[in-house]
1. Quick check on region A:206-218: of everything there that is at pLDDT below 85 and surrounded by fewer than 18 Cβ atoms within 10 Å (Cβ to Cβ), which residue is nearest to A:LEU47 (Cα to Cα)?
2. So if I check each of B:ALA22, B:ALA13, B:ALA28, which one is surrounded by fewer than 17 Cβ atoms within 10 Å (Cβ to Cβ) and closer than 19 Å to B:ILE117 by Cα?
3. Those residues that are crowded, with 24+ Cβ neighbours inside 10 Å and within 30 Å of B:SER184 (Cβ to Cβ), I need them from region B:88-125; list them, please.
4. Scan region B:49-69 and give yes if some residue there is polar (S, T, N, Q), more than 26 Å from the chain's Cα centre (by Cα) and assigned to a helix (DSSP H, G or I), otherwise no.
5. Taking region A:118-172 as the region of interest, how many residues are in a loop (DSSP other than H, G, I, E, B) and within 20 Å of the chain's Cα centre (by Cα)?
6. Could you tell me whether any residue of region B:108-121 is on the phi > 0 side of the Ramachandran plot, within 14 Å of another protein chain (Cβ to nearest Cβ) and modelled with pLDDT under 95?
7. Kindly indicate the residue of region B:1-59 that is without any contact (Cβ under 8 Å) to a residue 24 or more places away in the chain and of a type in the set (D, E, K, R) and also nearest to A:HIS109 (Cα to Cα) among those meeting that condition.
8. Given (1) over 30 Å from A:SER89 (Cα atoms); (2) of a type outside the set (Val, Ile, Thr); (3) free of Cβ contacts under 8 Å to residues at least 24 places away in the same chain; (4) in contact with a helix residue (DSSP H, G or I) (Cβ under 9 Å, 6 or more places away or on another chain), where does B:LEU93 come up short, assuming only one miss?
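The values are calculated or read from the model by the stated rules, or taken from the named source; none is laboratory data. These numbers were taken from a predicted model, which means no experiment stands behind them. All Cβ positions, glycine included, derive from the backbone under ideal geometry; neighbour counts span all protein chains shown.
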Amino acid sequence: MGNLVEIDNITFRRGERVIYDGVSIVVPKGKITAVMGPSGIGKTTLLKLIGGQLAPEMGDIRFDSDSIVSMSRSELYKTRRRMSMLFQSGALFTDMTVHDNVAFPLREHTKLDEDIISTIVALKLQAVGLRGAAQMKPSELSGGMARRAALARSISLDPDLIMYDEPFAGQDPISMGVLVKLIRELNDALDLTSIVVTHDVTEVLTIADYIYILADKRIIGQGTADEIKNSDSALVQQFLKGEADGPVPFHYPAADLNESLFGGKA
Amino acid sequence: MNFFQQVGANTLARLTSIGRAALMLFGAIFAMPSLKNIPLTIRQVYVVGVQSLLIIVVSGLFIGMVMALQGYTILVGYGAEGSLGPMVALSLLRELGPVVTALLFAGRAGSALTAEIGLMKATEQLSSLEMMAVDPLRRVVAPRFWAGLFSMPALAMIFSAVGILGGHLVGVDWLGVDSGSYWSLMQSTVELQKDVINGVLKSLVFALVVTWIAIFKGYDSVPTSEGISKATTETVVFSSLAVLGLDFVLTALMFGIE
């Protein structure tokens, strides 16, 4: 099996700030690939680059061998029908019920009868365990339920690729367990390819087939869960163990404390 | 030097912002033909138009009543209180109807549009539409733009009509101006092309500007609570200033040169 997504030596900056400098990532078909890294490192940006919402300054991003970067707007919209993204907030439409949210992509992109759409929606909601919540509004759902409803919406068109943006952030242990199970099971049952962007180490090590660790504008480590656990990089180990100080310093760079408080006299 | 750099940077930022606003407007205008958009547009007409009716009707009524009261006290001194009808009607149709409606619309519906679109951006709903291969310009911006464009001229006409009735209530029913002269002088003075149609044209221009500013400010807002609050304020301030400035230009073009 080939690769579904190939990120080839990209450079990306926001204003003056360099986010990526020569990052390359491949996402094999049918696998779960995780991208981990500290907060603020631009993990969500990576997903937006794959979705074509942002464009890299240099380098190429290919989806099923077609370059996302050089696609026309209409080609890009066509390609996006084959991918979907689970946003951190869920991004459910607040003026619609859960049922209508899940039906939304089907109504927009297919000419199916309402009966068939209702059946598909019920099956998708059943897969995430929320068939009973179909008539609820997003404001009535808990955080975990909202994310599962959004997951049902993102699989409603049976995409090839699904991108998860911090799926475990702010979830209680039960919701987290449910999401871990869903990501793995949906990937295998629906023959999906998944990219999970997260900083929750424990959960990701249990489900990811291959892991990249992003820090300091580049990939600092990659491999299977075991390879990552045994990595000899101090930065990777600091990240995995959650140590407060290390290659990523506890203190944001500042002038010497003694110097700035007492002018060096103390 | 720093001062000039700042001025240059601000000017460039303004120009790029106008460019983005123009691109968004074109996107919204060309997104009209889709059949799927029609129910969405009708729903928005309800939200921005029908739900603004109360404030428009109440304001129109009171403004008409106040004008009749003020007009009567001045006209009666010249024995010309019979001209109250044309005075009320012309002021409303030419000026107050379109202008006050636009100002009220900016405050009632414009700010709501900005906040709604800004919040959709902050909660990643616009991003998720894009990722679902649904163009937010077509799905979110266009229906609101067209709804604003249809609603405001209708609201302005309702405003003027209610204002004229308010003028009748005070001038005729209360102060005793002859009902026949109120209506017949109005009928003979008000011209369809010059007064009514020009008023509607003004209102259309204001609708375009106010809705455009409201939608763009939401679409272009910084997706934080502070950013949305700033965008909402800017919508009301910029659209009010634009309406008043444009009103002078349009009045000069329509009525200034005889």
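1. Out of the qualifying residues, it is A:ARG218.
2. Details: B:ALA13 fails: closer than 19 Å to B:ILE117 by Cα; B:ALA28 fails: surrounded by fewer than 17 Cβ atoms within 10 Å (Cβ to Cβ).
One residue alone meets the criteria, B:ALA22.
3. Correct list: B:VAL88, B:ALA89, B:LEU92, B:LEU93, B:GLY97, B:PRO98, B:THR101.
4. Residues of region B:49-69 polar (S, T, N, Q): B:51-52, B:59.
From what's left, more than 26 Å from the chain's Cα centre (by Cα): none.
Taking every residue of region B:49-69 in turn, none turns out to be polar (S, T, N, Q), more than 26 Å from the chain's Cα centre (by Cα) and assigned to a helix (DSSP H, G or I).
5. Within region A:118-172, the first condition is being in a loop (DSSP other than H, G, I, E, B), and the residues that meet it are A:128-130, A:134-137, A:141-142, A:155-160, A:166-172.
Narrowing the set further to residues that are within 20 Å of the chain's Cα centre (by Cα) leaves A:128, A:155-160, A:166-172.
Result for region A:118-172: 14.
6. As a first pass, look at region B:108-121 and keep what is on the phi > 0 side of the Ramachandran plot: none.
No, that holds for no residue.
7. Once the filter is applied, the top-ranked residue is B:LYS36.
8. (3)
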